[in-house]
Amino acid sequence: MFVDTHCHLDAYEEYSAETLDCLFARLQSATDAAREGDMQGEAFPIPDLKSQKSWSSSKSEEPDPNLRMPEAFVHVACDPKDLDRGVEIIEKYSFVYGAFGIHPEYVDVATPADVGRVAELLKHPKCVACGEIGLDYHYGADKKTQQRKLFERQLDIGIESGKPLVFHLREADDDALAMLRSANLENRNIHVHCFTGSPEFVEELLALNANVFIGFTGIVTFKSAQNVRDAAMLVPYNQILLETDAPYMAPVPHRGKTCHSGFIPYTAQMLADVKKIPVEELYRQCRENTRNCYGI
């Protein structure tokens, strides 16, 4: 069993034109079929990241025998205009939990009222985290000061809430580390989501005075992402989280298509290969890590 610890379900519906009801039914059907095959003695195929053709993730896609239904989802609402939709999703589905925050890309449109709304949503009984919040200098290098102010304000709110913190940190290593080292993060659970940095950066993050978890997406399967695999080698087993960031960054062999949570087996298999452990052991440890980080 596994949990997709970071996905954007509303954006998946928009990108794929497939409703969540249809997606969940499709993934559950695939999982049920696999369990039936296991009971009949048919081994579940290990995802082949090299030879499989890339298929669309639309409703008309050719069936992929590696798809699985997660046990639960953490839906991340990080666009101010989508916060209320996030509440609708987590209240509709018992197996979907929420994280609320304002992504740094929305620094130009976020208002004090939006930040106040995030603070209120962190009290929702199905909200499990504050995020994703952070810094992104890849697209926002001209707004560094504004991003740092928004990040600092939300850090304060998240810390006060007592909820885990979900960080988006892209090409902002020095500023991110300076801010995190000065924050009161002792005994706080931190999910550095969709890690794309260097091995050196992951070592600095792991050294923070906090309970740090590193999330890996389908990027770890990309041929060009050796730095991410090298970083994964350094992350202890008990600090790894599985995620998709759906609908973005689908793993090989679906790269370039709309990503969904059913693709996690590809990421899990690559991480197991990197760590040189059976994929079943990786699933077991990551499931325990999710409980330790999010309480679900």
Notebook entry, point to check: Tally Lys and Arg at +1 and Asp and Glu at -1 over the other residues with C-beta under 11 Å from the C-beta of T217: what net charge comes out?
Noted result: -3
Next item on the list: Hand me the GluC sites (Glu not before Pro) from region 148-212 located in a DSSP loop with no more than 11 other Cβ atoms within 10 Å, in residue order please.
Entry: E186
Item checked: Test item: Cα-centred dipole of region 165-246, Lys/Arg +1 and Asp/Glu -1 on Cβ, debye -> 240 debye
Note to self: Compute, for region 194-296, the length of the dipole vector about the Cα centre, with Cβ point charges of +1 (Lys, Arg) and -1 (Asp, Glu) only. Units Debye, rounded to 20.
What the structure shows: 340 debye
Check: In angstroms, what radius of gyration and Dmax does region 184-247 have, counting Cα atoms only?
Finding: 11.6, 38
Checklist line | Cα→Cβ-extended label distance, 7 Å offset, between R181 and E160, nm | finding: 2.7 nm
Note to self: With a 10 Å cut-off between alpha carbons and a GNM built on the chain, which of E132, E71, E36 moves the most?
What the structure shows: E36
Notebook entry, point to check: Projected onto the charge dipole of region 158-241 (+1 at Lys/Arg Cβ, -1 at Asp/Glu Cβ, origin at the Cα centre), which of T221, L169, I159 gives the Cα projection farthest towards the positive end?
Noted result: T221
Margin query: Expected output is a single nm value to one decimal: the length gained when fully extending between R284 and E71, i.e. 0.36 nm times separation in residues minus the C-alpha distance. What is it?
Written below: 75.4 nm
Next item on the list: Quick one: net charge around L234, please, counting Lys, Arg +1 and Asp, Glu -1 for every other residue with C-beta under 12 Å from its C-beta.
Entry: -2
Notebook entry, point to check: For the modelled label position 7 Å from the Cα of L234 along Cα-to-Cβ, which residues of region 196-218 have backbone nitrogen atoms closer than 19 Å?
Noted result: 196-217
Next item on the list: Starting from the Cα coordinates of region 114-180, work out the convex hull volume and express it per residue in Å³.
Entry: 82 Å³
Next item on the list: Give the Kirkwood hydrodynamic radius (Å, one decimal) of the chain, defined as one over the mean of 1/r across all pairs of different Cα atoms.
Entry: 19.3 Å
Next item on the list: If a/c stays under 1.5 just call it rounded; otherwise compare a/b with b/c (prolate if a/b is bigger, oblate if not). Do that for region 255-296, with a ≥ b ≥ c from the square roots of the Cα gyration tensor eigenvalues.
Entry: oblate
Note to self: Rounded, prolate or oblate, given the Cα gyration tensor of region 70-168, with a/c below 1.5 counting as rounded?
What the structure shows: prolate
Check: Name the residues of region 67-111 whose amide N is less than 17 Å from a point 7 angstrom out from the Cα of K149 along the C-beta direction?
Finding: 102-111
Margin query: Suppose every Lys and Arg Cβ carries +1 and every Asp and Glu Cβ carries -1, with no other charges. What dipole size does the chain come out with about its Cα centre, to the nearest 20 debye?
Written below: 260 debye
Margin query: Please compute one quarter of the surface area of the Cα convex hull for region 179-296 and express it in square nanometres.
Written below: 7.2 nm²
Notebook entry, point to check: If you count, for each residue, the other Cβ atoms within 10 Å and average over each peptide, how do 283-296, 260-273, 211-224, 82-95 line up from highest to lowest?
Noted result: 260-273, 211-224, 283-296, 82-95
Margin query: How charged is the neighbourhood of R148? Take every other residue with its Cβ under 15 Å from the Cβ of R148, and add Lys/Arg as +1 and Asp/Glu as -1.
Written below: -4
Check: Restricting attention to the alpha-carbon atoms of region 148-230, what are Rg (one decimal) and Dmax (integer), both in Å?
Finding: 13.0, 41
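We did not get these values from a lab; they are worked out from the coordinates using the rules stated. For clarity, every value in this text was computed on a predicted model and none was experimentally measured. Methodologically, a virtual Cβ is constructed for each residue, glycine included, from the backbone with ideal geometry; neighbour enumeration extends over all protein chains shown.
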